[in-house]
1. Ranked highest first by the average count of other Cβ atoms within 10 Å around their residues, in what order do 262-275, 221-234 fall?
2. Tell me, in nm to one decimal, what length is gained between Ser198 and Ser114 on full extension, where the rule is 0.36 nm per residue of separation less the Cα-Cα distance?
3. On full extension of the chain, what length is gained from Ser240 through Asn309, given 0.36 nm per residue of separation minus the C-alpha to C-alpha distance?
4. At a Förster radius of 30 Å, what calculated FRET efficiency corresponds to the Cβ-Cβ distance of Gln265 and Ile228, to the nearest 0.05?
5. Tell me, in nm to one decimal, what length is gained between Lys258 and Ser282 on full extension, where the rule is 0.36 nm per residue of separation less the Cα-Cα distance?
6. Only sites in a loop by DSSP and with at most 12 other Cβ atoms within 10 Å count here; which GluC sites (Glu not before Pro) in the stretch 121-193 make the cut?
7. Can you give the relative contact order of the stretch 115-227 as a percent, counting alpha carbon pairs under 8 Å and 6+ residues apart?
8. Quick one: order Ile204, Ile123 by neighbouring beta-carbon count within 10 Å, fewest to most.
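Every number here is computed from the coordinates shown, using simple stated rules; none is lab data. Remember, it's a predicted structure, so these values are computed and weren't measured experimentally. Backbone-built Cβ (ideal geometry, glycine too); neighbour counts: all protein chains shown.
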Amino acid sequence: MEYSPILHSLHVVPSSHVKNKLFVFCIMLSLWVYMIYCCVGYCSTVPILTYGPAGGREGDAAADHRETSLGASRDLLNNENDLDSRGEEWDEMRGEAKALDDNAMSGSLNESESKKLPQAIIIGVKKGGTRALLEFLRLHPDIRAVGAEPHFFDRNYDKGLEWYRELMPKSSEGQLTMEKTPSYYVTKEVPARIYTMSKDTKLIVVVRDPVTRAISDYTQTRSKKPDIPSFESLTFKNMSAGLIDTTWSAVQIGMYAKHLERWLQHFPMEQLLFVSGERLISDPAGEMARVQDFLGLRRVVTEKHFHFNPAKGFPCLKRPEGNSKPHCLGKTKGRTHPNIDPQVSNKVHNRDAPVRSGPRLTIEKPVT
């Protein structure tokens, strides 16, 4: 058979074409495999965030497991976890992330910065206005504060002071390190533990009308568990006789004087500042002046930093040098309270109302 260039070309060209296609296909397949591998690796490093009911049952279970590992619950109902401690609001988490980024940036520029144990702590109380006070204080250039609640002295004390120190942001000489955990004020072991860390620690307690505080506490729980008993049934053992159930934590927290007795066994009154939660709303600049004086700081945070939001009913923050939108606290702050029978409020406010155990529940004015 004679050699034919035509037949040779017909044989070679298709073979070369197929090889090229196979080569391109292999490259594309390799790229797709690599992309899938990268995506799987990235997803495994992303934390699962759960925010309220939208998180789903699995997300709630994971969050509950995490909270259980931190220690005993101290909320409205015995089996409920501390919702404020979860950092459930995106605005708060975003602000905390920004603060951490700022601290990391400043730390890279200033090698003299280091992590220090807090010299001042906001120790309480829950639903009193501690989050607002912390956010106001973080505007001050001489304050470095961690946004999330460490719960070191009540839940994580066995992890040691070095573990606690590592949670703190970096600070330079002359700056004050702070944290806030509202359950400290009502936890029996905490005063002695803080004193052991430093007897010079400055302590801040944010208080408000104890009945209003209890209703706010109840409102937070009901937003997560709508089927809980009524506020009246939880407050009273005998409504007609006015017997108040002081075993309910929402009532216990508001008995400020009872808890103060434990703190005064370790710290002089001069080291405690009681801040009015009501005045943080009506006159935030005035109350912040008291706080800054107590901490020995310049009065940097003033009325120019606040913008009252009538829709939310409390002040939002603004930076006076810029035109940015004021920063308000998250959706869980400023919830609408349920309608409580005025007779119920009056009976709880009554100084002569008998209680089932412990001292009377009264409106105790902030100690100044």
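1. Details: 262-275: 16.1, 221-234: 14.0.
Result, highest mean first: 262-275, 221-234.
2. 28.4 nm
3. Working: separation 69, 0.36 × 69 = 24.84 nm, distance 4.00 nm.
Taking Ser240 through Asn309 to full extension adds about 20.8 nm, to one decimal.
4. Values: r = 35 Å, r/R0 = 1.17.
E(calc), rounded to 0.05, equals 0.30.
5. Working: separation 24, 0.36 × 24 = 8.64 nm, distance 2.72 nm.
Taking Lys258 through Ser282 to full extension adds about 5.9 nm, to one decimal.
6. Glu173, Glu189
7. Relative contact order of the stretch 115-227: 44 percent.
8. Fewest-to-most ranking of Ile204, Ile123: Ile204, Ile123.
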